[in-house]
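Read the figures in this text as sums done on the coordinates, not as results from a lab. These numbers were taken from a predicted model, which means no experiment stands behind them. A quick note on method: Cβ atoms are made from the backbone with ideal geometry, for glycine too, and the neighbour counts reach across all protein chains shown.
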Amino acid sequence: MEDEAAQLAKLLAQVRSVTGADRALDAAVVACFGAEPDEEEDPPHYTASTDLCIALVHRVMPGWHWHVGYGPKGILPYATVSSGEHLYEAIAGTVPLALLSALVQARMAETDGP
């Protein structure tokens, strides 16, 4: 079985490789972060839902904050996940993908330790 750091690195590569909603990636998110009891049968549509991604941030990184907006050129959405001095940001084709990318980066940093 992969260790968490390797699993997160693989998930980040998957998130960065897609441009929109992707059911295989939704399943990979569940494989990495687990599922809520009511999510067992069908992976939630994380890659298509900002609300589901925000709930995932709160579940995986309790007490952390998130922010979404548009990048400097005003074209692509970006997201940040932060706590204190720790800030992880991502630009992606959609808000959910940006949130997922920032979340995975934050979790990777927490997994690596101080």
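A few remarks follow.
- Each Cα pair under 8 Å and six or more residues apart adds its separation to the average, and for the stretch 4-112 the resulting relative contact order is 27 percent.
- Range in the chain, longest, excluding exposed GluC sites (Glu not before Pro) [loop by DSSP; at most 16 other beta-carbon atoms within 10 Å]: 42-84
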